[in-house]
Structures are given as structure tokens and as C-alpha cells.
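Trainee: Mind having a look at this structure? Questions to follow.
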Amino acid sequence: MTDRARGRPASAARRALPWFLAAALLATVGVPSAAATMHVVRVAPEIGYGHPATGLTITINMTDAPGFLPSFANVPEASNATFDLVNQGNFTHTFTLSTVPNLHLSSSLTPNQLYAFFAANGSLANVSVAPHSSGTATVTFPASDALEQFEFVSLEPYQFQAGMYGFVNVTSTGPGVMVQEGTIGLPNVAFDPDVLAVNSTHYPVVVNVLVTNEGTTPHTFTVVPQSNVTLTPSNFTAYFTAHAPLANVNVPASTGGTVWANFTVSAVGVYQYLCEIPGHFAAGMDGLLYVGIAPPPVPAAPSTAIVEVWVLFGSAGLLGVGAVLAAIASFSGRFPAPPKSPGHGH
Ligand SMILES: [Cu+2]
């Protein structure tokens, strides 16, 4: 064998090698990018609620101020709420609950106009309570009432006009926010989801967020009080010194530990929330609460394929080029150029 003949197969492999390397490299770029798309899926669930789903009893006192005390109640969707009505005064009062969601009755209505409104629209409850006695109203709030608000009034003449009214806020059974931690702690802390939505058409709106710790590290759920303000890990401490948070709760440092953040949002906007524990925000522990604004659309579900299709085609193409070059090289090696001087053998 000549040196030339021995060199040829090595040369073919060497010529094809860069193409195989390029194909392998393209594949390794493609796999992580395909995997990364699985982590950018955003969900925007509605907000959780702060009461048991069944057997909810709410005591509402009636006074001669005249007024309801308290003048608001939070009730979860898809629940029965029992209102215990305690008349503490010397006058008769009614608890009359509107059927029309998100409607504030004008206090300029006359008693007759108020009667006419309830005559036309009906009521979810209408209980008259004599002085120093009590009554009960049980109302079912279906899931379709989630995040809606219903007004209750006293129909006794001029009590509503003097301020005897209140509101039932129907909250959602959404799961709220989970606090996630990786096994190695800090680099993996995150809120899940990092996008929340309150689909309210009525302000102010009461927002109740259940925050659950999936790990064992202390966290806070802290909401920026101004809409469309985006804080950074380097300025949030100074910002909160100047602006009290809308909500700021400590999440219990135990797996499954929960805390409610109950706060009132007065206007449409996007409100950032973050964890104040040093280092956590910088590690990515923040999110956005969309109130009355549709959150960004959820991207289409990512492919579950490990490698994206174009990567497979690209790799196959490069491998093909490599194979063709290798074949040409070995093919040409099999037919060496004819010897310059014929017929000399030993
Ligand atoms: Cu944290």
C-alpha cells in the first residue's frame, strides 16, 4: 500500500467530521431551546377567597344610625351564605339584596323609586327584622357570580337614603399563588403563577389571594400600591419606604403553610407583586396582577417533542452532506489515478 492509499480513508472521515459536529451542535442548541419554551407558559387564574366554601355564616347587625354593620361581606362563589341579621335598634329594618350585579343604587332615589327598582328586578333576599330581634337569610351564589358585587339596602323609608346599604363581594375559588422552591433553595424561588388576573368591572374591588408555601423558606407576598410601576431588586426597598405596599403578608416557612392577602384595589391597572426576603426578588420572585385589564395571551401549548422539527431537519441535512462528502471521498479513493508508467511488477 502506498502512503496515498492509506491516507485516503482518514481524509474522508476528516472531511465529513465537521459536518457531523455541526449537526450535533445544532441538535444540542435545539434541545434546550425546545425545553425552555415549556417554562414560559403563563396562566392567569382568578383570585382566591378567604372563607370556607360551605356553611358560611355572616352576621350583619342593623343599627338605627341607620346602617349595616359590617356594611360589606365576602362570599365565595358556588356557595350558600347564611346572613344572621341582628337588629340592635328601636326601628324595623330590612335586609334586601339586589339581583343586579355591580350596580350601585343612587342615594338620590326616593323611597318609592327604590321600591319600584326591587319590584321590577326582584331580590336575592328580602327579610324584615323587628326591633331587638333577629332574622336569617340564606342565599346561593353560583359560580357565575364570581367576582361580582351585589348591593343590599334597607327598604324602610329613608333608611337607604341615610346610608343604610352595603355590598356582598362574591370572590372566586381560584387557587391563588403558590410559592415554589427548588431543592437547592435560592436560585429557584418563584411565584407560581407569576401572572394573576382580576376580571372586575367595578371599583374599588376587594382582592383576596391565598398564598401557599411549597417549600420551607420564609417569603413575603408584597403588592406594589401603584399601577404600572415596575420595581427592580435594587430599588424596591427604597420604594416601599416611601410607598406603603397595597398588601404585605409573611408566608409561613413550612410546606403547605398558607396566608391570605386581602386588599382593596381602587383602579384598573397592572400591579407588581414580589417577595421582600433579601435575594429572592433578584432570583426572579415577582409577578404581575392584572386588574380590569386582560393579561397577555397565554402562548400556544408548547410541543412536547424533545427536539423541534426544524432542528431534526437541519441535523439530517448536515448529516446528509457529510455522508455525501464521505462517499465521494471513498469512491474516488477506490479508483486511483492510472500509474504514470505502465507494467512494472515484481
Ligand atoms: Cu421569597
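The values are calculated or read from the model by the stated rules, or taken from the named source; none is laboratory data. Keep in mind that what you see is a predicted model, and the values were worked out from it rather than measured. FYI the Cβ positions are ideal-geometry reconstructions off the backbone, even for glycines, and counts take in every protein chain you see. These accessible areas exclude ligands, DNA and RNA; they are computed on the full protein's heavy atoms, side chains included. Shrake-Rupley method; radii C 1.70, N 1.55, O 1.52, S 1.80 Å.
Trainee: Looking only at segment 96-115, decide whether some residue is without any contact (Cβ under 8 Å) to a residue 24 or more places away in the chain, of a type outside the set (Ser, Thr, Tyr) and farther than 11 Å from residue 160 by Cβ.
Mentor: For segment 96-115, residues without any contact (Cβ under 8 Å) to a residue 24 or more places away in the chain, of a type outside the set (Ser, Thr, Tyr) and farther than 11 Å from residue 160 by Cβ: present.
Trainee: Pairs under 6 Å by beta carbon, first residue assigned by TED's automatic domain parsing to the domain that holds residue 220 and in contact (Cβ under 8 Å) with a residue 40 or more places away in the chain in segment 274-286, partner hydroxyl-bearing (Ser, Thr, Tyr) and within 8 Å of the ligand (Cβ to nearest atom), six or more apart or different chains?
Mentor: Sorted first by the residue in segment 274-286, then by its partner, the pairs are 275/220; 276/220.
Trainee: Tell me which residues, restricted to segment 67-98, are β-branched (Val, Ile, Thr) and either at pLDDT below 95 or in contact with a Pro (Cβ under 9 Å, 6 or more places away or on another chain) (or both).
Mentor: 75, 82, 92 - these are the residues of segment 67-98 that are β-branched (Val, Ile, Thr) and either at pLDDT below 95 or in contact with a Pro (Cβ under 9 Å, 6 or more places away or on another chain) (or both).
Trainee: Mind listing just one residue for me: the one in segment 264-276 that is assigned to a strand (DSSP E or B) and in contact with an Asp or Glu (Cβ under 9 Å, 6 or more places away or on another chain) and, of those, farthest from the ligand (Cβ to nearest atom)?
Mentor: Restricting to residues being assigned to a strand (DSSP E or B) and in contact with an Asp or Glu (Cβ under 9 Å, 6 or more places away or on another chain), the top hit is 272.
Trainee: Here is a list: 292, 314, 279, 320. Which entry is within 16 Å of the ligand (Cβ to nearest atom) and modelled with pLDDT under 95?
Mentor: Details: 292 fails: within 16 Å of the ligand (Cβ to nearest atom); 314 fails: within 16 Å of the ligand (Cβ to nearest atom); 320 fails: within 16 Å of the ligand (Cβ to nearest atom).
Residue meeting the stated conditions: 279.
Trainee: Taking the residues in segment 106-128 that are buried (at least 16 other Cβ atoms within 10 Å of the Cβ) and touching a Phe, Trp or Tyr at 6+ places or on another chain (Cβ under 7 Å) as candidates, determine which candidate is farthest from residue 72 (Cα to Cα).
Mentor: That would be 114.
Trainee: In segment 216-263, what residues are of a type in the set (A, V, I, L, M, F, W, C) and either within 14 Å of the ligand (Cβ to nearest atom) or assigned to a strand (DSSP E or B) (or both)?
Mentor: Scanning segment 216-263 gives 221, 223, 236, 247, 249, 251, 253, 259, 260, 261, 263.
Trainee: On to the next question. In the list 237, 258, 232, which residue meets the criterion of being modelled with pLDDT of 80 or more and either at positive phi or touching a strand residue (DSSP E or B) at 6+ places or on another chain (Cβ under 6 Å) (or both)?
Mentor: From the options 237, 258, 232, the qualifying one is 258.
Trainee: For segment 287-299, what are the residues that are farther than 17 Å from residue 207 by Cβ and in contact (Cβ under 8 Å) with a residue 24 or more places away in the chain?
Mentor: 296, 298, 299
To keep it simple, each residue is scored yes or no on (1) modelled with pLDDT of 90 or more; (2) more than 24 Å from the chain's Cα centre (by Cα).
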{"site": "109", "(1), (2)": "yes, yes"}
{"site": "120", "(1), (2)": "yes, yes"}
{"site": "123", "(1), (2)": "yes, yes"}
{"site": "134", "(1), (2)": "yes, yes"}
{"site": "139", "(1), (2)": "yes, yes"}
{"site": "150", "(1), (2)": "yes, yes"}
{"site": "164", "(1), (2)": "yes, yes"}
{"site": "173", "(1), (2)": "no, no"}
{"site": "184", "(1), (2)": "no, yes"}
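Trainee: Restricting to segment 75-105, give me the number of residues that are over 26 Å from residue 142 (Cα atoms) and open to solvent by 20 Å² or more (accessible area, probe 1.4 Å).
Mentor: Step one: filter segment 75-105 for residues over 26 Å from residue 142 (Cα atoms), giving 87-93.
Pick out the ones that are also open to solvent by 20 Å² or more (accessible area, probe 1.4 Å) and you get 88, 90-92.
So the count comes out to 4.
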